[in-house]
Amino acid sequence: MTEVRVPDLGESITEGTLHKWHVQQGQAIKQGDIVAELETDKVNLEISSDEDGVVGELLAQEGDNVLVGSVIAIINAGGGAAAPAPAQAASQPEAVTPAPVAAASAVATAPAPAVAVPAPSADGVHATPSARKLAREHGIDLAQVQSRDPIGRITTDDVQAQGRNGSPAPAAAPAPAARPTAAPAPQLGAADAENGKPVERTKMSRRRQTIAKRLVEAQQTAAMLTTFNEVDMTAIMDVRKRRKDSFKEKNEVNLGFMSFFTKAVIGALKAFPLLNAEIDGDELLVKKYYDIGIAVSAKEGLVVPVVRDADRLGFAGIEKTIIDLAGKARTNSLALSDLQGGTFTITNGGVFGSLLSTPILNAPQVGILGMHKIQWRPIAIDQERMENRPMMYIALSYDHRIVDGAEAVSFLVKVKELLEDPESLLLEG
């Protein structure tokens, strides 16, 4: 028998949410097969089996919060058949290994196989970790709790019923075993039904909850201000037009705007190092390296993977790294190491059409640069001439606790100057 445990998640993360089961009870699996998908504050992680066997028991449900190190499943040794069924179900056919699940809809509609009897824990009681915790807190003997689960597992509902009644909860008629299904469809809440207005009520994902919490904390703890400027993108667009074909042929990647902005930010950070710092208690940590976070919009919410030592990368290296990280973000395959740290962040609302915005700090960083949509506008060249130019508004949000307004404005002007003279990026960026 092997226990499948929640792995160490690193960076002070102590728990995650069981997002999805990839197996069902009674299913034969191989070493390395994915058992479950775990959602953390930052990334989704796949938990795999360490050996061949048969899934004996699933100890948590989709949507449950599970602690690092807790057991979420039991894998029984075997060659593919489920453990013997209990006496009352002896006449049921032997469990058959199901075909791989192709989609969530298949999980919800496929017939359920016979369920293997889970092996008991050391105390001889089948109970979920949350049920054991609740029983300990209320001094309830699990051996006296009546399970209403068809496979005999004690849940928190059973423990709560025992606590209310002072006696075992009444047993319910066994229901047919069902394989794990996708999260239930959004339901109309009672209060909403009373108003007579149709709404959907769904639980926020762990990542969305974390994003909401951290953004509010950033606004509550930092003295955040934003300063604006605009960049004439004519020179950069000219360089890209002249060099894009040879650049791609040589480096096998397109010459995008992000490499220019990353280089410009690094040049400005070297000139104004307090924008590359953070507050630690009553101390100021000025970082002498440049790990630039690039905000990426993924299905589960905004993430900020980090381009490490960006000052040591050329334009092609930056473009390749950003493409790789963005691809991982959109396929939920980012590792925690891809997200840790970061000294300054760049976010590009322009890809969605934003003309102007005030980005929120990515704490504990003290600066974030916002890019926006390139839009042709008439610009005064001098007192007599006007020209249509490709212009972009840029915004710098900063923590006024350690960055003064003059320094923030000067930083943004430096970014503007470097972008409008792309050749200088090779020297100062």
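The values are calculated or read from the model by the stated rules, or taken from the named source; none is laboratory data. Since the model is a prediction, treat every value here as computed from it, not as a measurement. Note that we place each Cβ from the backbone using ideal geometry, even for glycine, and neighbour counts take in every protein chain shown.
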Do the conditions hold for L45, that is, is it within 25 Å of R207 (Cβ to Cβ), modelled with pLDDT of 85 or more and crowded, with 20+ Cβ neighbours inside 10 Å?
no
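For the stretch 14-38, name all the residues that are assigned to a loop (DSSP other than H, G, I, E, B) and surrounded by 16 or more Cβ atoms within 10 Å (Cβ to Cβ).
H22, V23, Q24, Q25, G26, Q27, D33
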Restricting to the stretch 290-309, name every residue that is over 30 Å from R206 (Cβ atoms) and surrounded by fewer than 19 Cβ atoms within 10 Å (Cβ to Cβ).
D309
Please go through (1) within 19 Å of T262 (Cα to Cα); (2) small (G, A, S); (3) surrounded by fewer than 20 Cβ atoms within 10 Å (Cβ to Cβ); (4) out of contact with any Asp or Glu (no Cβ under 8 Å at 6 or more places or on another chain) for G341 and return the number of the only condition it doesn't satisfy.
(4)
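Do we have L313 as without any contact (Cβ under 8 Å) to a residue 40 or more places away in the chain, more than 18 Å from P359 (Cα to Cα) and in contact with a strand residue (DSSP E or B) (Cβ under 6 Å, 6 or more places away or on another chain) here?
On the way: without any contact (Cβ under 8 Å) to a residue 40 or more places away in the chain: yes; more than 18 Å from P359 (Cα to Cα): yes; in contact with a strand residue (DSSP E or B) (Cβ under 6 Å, 6 or more places away or on another chain): no.
For L313, the condition - without any contact (Cβ under 8 Å) to a residue 40 or more places away in the chain, more than 18 Å from P359 (Cα to Cα) and in contact with a strand residue (DSSP E or B) (Cβ under 6 Å, 6 or more places away or on another chain) - is not met.
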Do you know which of the residues in the stretch 344-367 that are touching a residue at least 24 places away in the same chain (Cβ under 8 Å), in a loop (DSSP other than H, G, I, E, B) and of a type outside the set (S, T, N, Q) is surrounded by the most Cβ atoms within 10 Å (Cβ to Cβ)?
V366
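Report yes if some residue within the stretch 333-342 is assigned by TED's automatic domain parsing to the domain that holds T227, closer than 24 Å to F247 by Cα and touching a residue at least 12 places away in the same chain (Cβ under 8 Å); otherwise report no. Break it down stepwise before answering.
Within the stretch 333-342, the first condition is being assigned by TED's automatic domain parsing to the domain that holds T227, and the residues that meet it are 333-342.
Subset that is closer than 24 Å to F247 by Cα: none.
No, every residue in the stretch 333-342 fails to be assigned by TED's automatic domain parsing to the domain that holds T227, closer than 24 Å to F247 by Cα and touching a residue at least 12 places away in the same chain (Cβ under 8 Å).
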List every residue pair whose Cβ atoms lie under 6 Å apart, where the two residues are 6 or more positions apart in sequence or sit on different chains, the first residue falls within the stretch 368-381 and is over 30 Å from T343 (Cβ atoms) and in contact (Cβ under 8 Å) with a residue 12 or more places away in the chain, and the second residue, located anywhere, is surrounded by 15 or more Cβ atoms within 10 Å (Cβ to Cβ) and β-branched (V, I, T).
none
Could you tell me whether E387 is over 17 Å from M258 (Cα atoms), assigned by TED's automatic domain parsing to the domain that holds I279, out of contact with any helix residue (DSSP H, G or I) (no Cβ under 6 Å at 6 or more places or on another chain) and not aliphatic (A, V, I, L, M)?
yes
Quick test for you: out of V304, V351, pick the one residue that is farther than 23 Å from E37 by Cβ, touching a strand residue (DSSP E or B) at 6+ places or on another chain (Cβ under 9 Å), assigned by TED's automatic domain parsing to the domain that holds Y398 and modelled with pLDDT under 95.
V351
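Determine whether the stretch 242-253 contains at least one residue that is of a type outside the set (D, E) and either surrounded by 21 or more Cβ atoms within 10 Å (Cβ to Cβ) or part of a strand (DSSP E or B) (or both). Before you say what the answer is, go through the steps one by one.
Taking the stretch 242-253 and keeping what is of a type outside the set (D, E), we get 242-244, 246-248, 250-251, 253.
Now narrow it down to the ones that are either surrounded by 21 or more Cβ atoms within 10 Å (Cβ to Cβ) or part of a strand (DSSP E or B) (or both): none.
The answer is no; no qualifying residue exists.
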Of the residues that make up the stretch 317-328, is at least one of a type in the set (G, A, S), under 18 Å from the mean Cα position of the chain (by Cα) and crowded, with 21+ Cβ neighbours inside 10 Å?
no
